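A.B. asks: Structure in structure tokens, see below.
The numbers here are math on the coordinates, done by the rules we state, and not lab data. Just so it is clear, the structure is predicted and the values come from calculations on it, not from any experiment. Neighbour counts run over all protein chains shown; Cβ positions are idealised from the backbone, glycine included.
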Amino acid sequence: MSDQERPIKACVAKRQEPSMPEVYMPAMWPVEFQQKALDWVKAWRWRRLYRRLLRLSDRQLRMRDLSRPLLQNKARMPLRQIVAEQRSAASRVRACER
């Protein structure tokens, strides 16, 4: 299939979120709490990735079109700020889907 035949998507793939179960038992975790915990783990993994990329040499970073100062800023960023950026990106995707 050529590039011209492929359908072009204007939005990023839909983010899968846990849905509210039909039957909610009192012993179940709140769905919002579970989503927040997943957001924090995801942010921690992103920051860990930035820190691992900083171990590469300048030549290896250039090969990947990355800059050391940008990675250093991302690696020092607090988790709460990464979570906020991820949530704003997710809300833009949801707005694009409408």
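A.B. asks: Pull out all pairs, ordered by first then second residue, where Cβ-Cβ is under 9 Å, the residues are six or more apart or on different chains, the first lies in segment 26-44 and is without any contact (Cβ under 8 Å) to a residue 12 or more places away in the chain, and the second is part of a helix (DSSP H, G or I) and among the small types (Gly, Ala, Ser).
C.D. replies: Taking only residues 6 or more apart or on different chains, the pairs are 29/37.
A.B. asks: Would you tally the residues in segment 43-84 being charged (D, E, K, R) and surrounded by 13 or more Cβ atoms within 10 Å (Cβ to Cβ)?
C.D. replies: 4
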